[in-house]
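Colleague: Before anything else, here's the structure in question.
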Ligand code: FES
């Protein structure tokens with residue numbers, strides 16, 4: 001389905017990314033909402049599964065990435081926080097190494113339809129929830 005048709009098909013939905021634009025494994029940042037406190041998150045794809053997390057480290061609240069769309073360790077097996085080196089499981093978001101072992105990234109609800117990754121919830125409510 002051409003991308004223009006897909007956009008018309010998915011009305012009133014927030015498309016975070018198209019699967020064709022997300023490597024496996026790979027990550028991509030997104031921002032939903034406007035104003036001073038939008039929801040800043042990232043998608044992570046591994047083994048065909050896509051998950052989304054808030055881009056905020058449970059250690060000190062910093063964004064995890066330094067470079068755009070780069071959230072994985074060099075071997076792509078874990079999510080890494082570039083501030084102090086916390087490492088998180090891709091599947092669960094749980095910290096397995098570094099200064100906040102046992103803490104977790106906050107999951108953002110998404111779903112995949114027709115090759116698009118969609119925010120699964122009211123964008124304003126989610127932005128308030130994760131601000
Ligand atoms: S802010 Fe992420 S490890 Fe410190």
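Colleague: Every residue in region 110-131 that is touching a helix residue (DSSP H, G or I) at 6+ places or on another chain (Cβ under 8 Å) and assigned to a loop (DSSP other than H, G, I, E, B), please.
Modeller: 114, 115
Colleague: Filter region 83-92 for residues that are within 6 Å of the ligand (Cβ to nearest atom) and either assigned to a strand (DSSP E or B) or touching a strand residue (DSSP E or B) at 6+ places or on another chain (Cβ under 7 Å) (or both) and give the result.
Modeller: 86
Colleague: Let me ask something else. Considering only residues of region 11-20 that are out of contact with any helix residue (DSSP H, G or I) (no Cβ under 9 Å at 6 or more places or on another chain) and surrounded by 14 or more Cβ atoms within 10 Å (Cβ to Cβ), which is nearest to residue 123 (Cα to Cα)?
Modeller: Top of the filtered list is 13.
Colleague: Would you please name the residue that is nearest to the chain's Cα centre (by Cα), looking only at residues in region 98-114 that are surrounded by 13 or more Cβ atoms within 10 Å (Cβ to Cβ) and within 13 Å of the ligand (Cβ to nearest atom)?
Modeller: 105
Colleague: Residue 95 - would you say it is within 16 Å of the ligand (Cβ to nearest atom) and in a strand (DSSP E or B)?
Modeller: yes
Colleague: Here's something else I'd like to know. If you scan region 27-64, which residues turn out to be under 16 Å from residue 111 (Cα atoms), within 16 Å of the ligand (Cβ to nearest atom) and either without any contact (Cβ under 8 Å) to a residue 24 or more places away in the chain or in contact with a helix residue (DSSP H, G or I) (Cβ under 9 Å, 6 or more places away or on another chain) (or both)?
Modeller: 41, 54
Colleague: Inside region 65-81, can you point out the residues that are within 12 Å of the ligand (Cβ to nearest atom) and either in contact with a helix residue (DSSP H, G or I) (Cβ under 6 Å, 6 or more places away or on another chain) or under 16 Å from residue 98 (Cα atoms) (or both)?
Modeller: Those that are within 12 Å of the ligand (Cβ to nearest atom) and either in contact with a helix residue (DSSP H, G or I) (Cβ under 6 Å, 6 or more places away or on another chain) or under 16 Å from residue 98 (Cα atoms) (or both): 65, 71, 79, 80, 81.
Colleague: Oh, and also: Hey, which of the strands (runs of 3 or more DSSP E) in region 37-82, taking only ones fully inside, have at least 3 residues that are surrounded by fewer than 17 Cβ atoms within 10 Å (Cβ to Cβ)?
Modeller: Per the criteria, no element qualifies.
The numbers here are math on the coordinates, done by the rules we state, and not lab data. Just so we're clear, the structure is a prediction, and the values are computed from it rather than from any experiment. Glycine gets a Cβ as well: all are built from the backbone with ideal geometry, and neighbour counts include every protein chain shown.
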